[in-house]
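One structure below.
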Amino acid sequence: MYGPVIQGKLVRLRPPRAEDAEVMITWFDDLEVTRFIMRRHPPSIEEEKAWLENLAKDPNVIQWVVEFQGAPVGTTSIMLIDWRNGHGMTGTIIGDKAVWGKGLARELMQLRAEYAFMQLPLRKLKSGYVDGNEASARAQAAAGYREAGRWRRDQFVDGEWRDLVLTELMREDWEKARV
């Protein structure tokens, strides 16, 4: 399913639109953008549209487009939601390199957490990053995520095997940080 519109100071999270697919596929043309994510090859426009359509139907996914200054620059989601046990896996891609380093990921993660803990019955958000992805590590830490473990030599990046650092944000820790 798609998430509701959430306005932050820097970013706006909004439901994806079919026309977003044309911008989204361009993000995967750049190896620097895809360096730390699972997807290596650009999807076709048909694949991207089908992906968006499938997300809209999935009750265990909440997906947003990330807008900065009125333009789509990335996506974020809570996926694999386990409603019974109250947790979901989060993910983000900022595909427009021109906005890297501006604090967008930190803010969108904070907005996403607020939605998960104030509007949904979730008690934990799980995430992770490939060791060496310093931008993701900083953004997650700034949003309150803490390292929960590692899968050693799990991801092949730049010709070497790297750890996948597992992180989590617990509702009670998030609540304490808000005071």
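Output the residues belonging to segment 128-150 that are without any contact (Cβ under 8 Å) to a residue 24 or more places away in the chain and either assigned to a helix (DSSP H, G or I) or small (Gly, Ala, Ser) (or both).
Here is the first cut: in segment 128-150, the ones without any contact (Cβ under 8 Å) to a residue 24 or more places away in the chain are 134, 141, 147-150.
Once the filter is applied, which keeps residues that are without any contact (Cβ under 8 Å) to a residue 24 or more places away in the chain and either assigned to a helix (DSSP H, G or I) or small (Gly, Ala, Ser) (or both), segment 128-150 yields Glu134, Ala141, Ala148, Gly149.
Tell me, please, whether a residue that is at pLDDT below 95 and within 19 Å of Asp30 (Cβ to Cβ) can be found in segment 106-127.
Scanning segment 106-127 turns up no residue that is at pLDDT below 95 and within 19 Å of Asp30 (Cβ to Cβ).
Return the pair list, or none, for Cβ contacts closer than 6 Å from residues in segment 97-120 that are over 15 Å from Gln7 (Cβ atoms) to residues that are of a type in the set (A, V, I, L, M) and part of a loop (DSSP other than H, G, I, E, B), at least 6 apart or on different chains.
Note: pairs meeting the criteria are Arg106/Ala143; Met109/Ala143; Ala116/Leu122.
Is there a residue being among the polar types (S, T, N, Q), within 17 Å of the chain's Cα centre (by Cα) and at pLDDT below 95 anywhere in segment 141-161?
No, every residue in segment 141-161 fails to be among the polar types (S, T, N, Q), within 17 Å of the chain's Cα centre (by Cα) and at pLDDT below 95.
Please verify whether segment 157-171 includes one or more residues that are without any contact (Cβ under 8 Å) to a residue 12 or more places away in the chain, surrounded by fewer than 20 Cβ atoms within 10 Å (Cβ to Cβ) and touching a Lys or Arg at 6+ places or on another chain (Cβ under 9 Å).
Just the residues of segment 157-171 that are without any contact (Cβ under 8 Å) to a residue 12 or more places away in the chain, to begin with: 159-161.
Next, only the ones that are surrounded by fewer than 20 Cβ atoms within 10 Å (Cβ to Cβ) stay: 159-161.
From what's left, touching a Lys or Arg at 6+ places or on another chain (Cβ under 9 Å): 160-161.
Yes, segment 157-171 contains a residue that is without any contact (Cβ under 8 Å) to a residue 12 or more places away in the chain, surrounded by fewer than 20 Cβ atoms within 10 Å (Cβ to Cβ) and touching a Lys or Arg at 6+ places or on another chain (Cβ under 9 Å).
The values are calculated or read from the model by the stated rules, or taken from the named source; none is laboratory data. Computed from a prediction, not measured in an experiment: that's the story for all the values here. Here the Cβ is made from the backbone with ideal geometry for all residues, glycine too, and neighbour counts use every protein chain on show.
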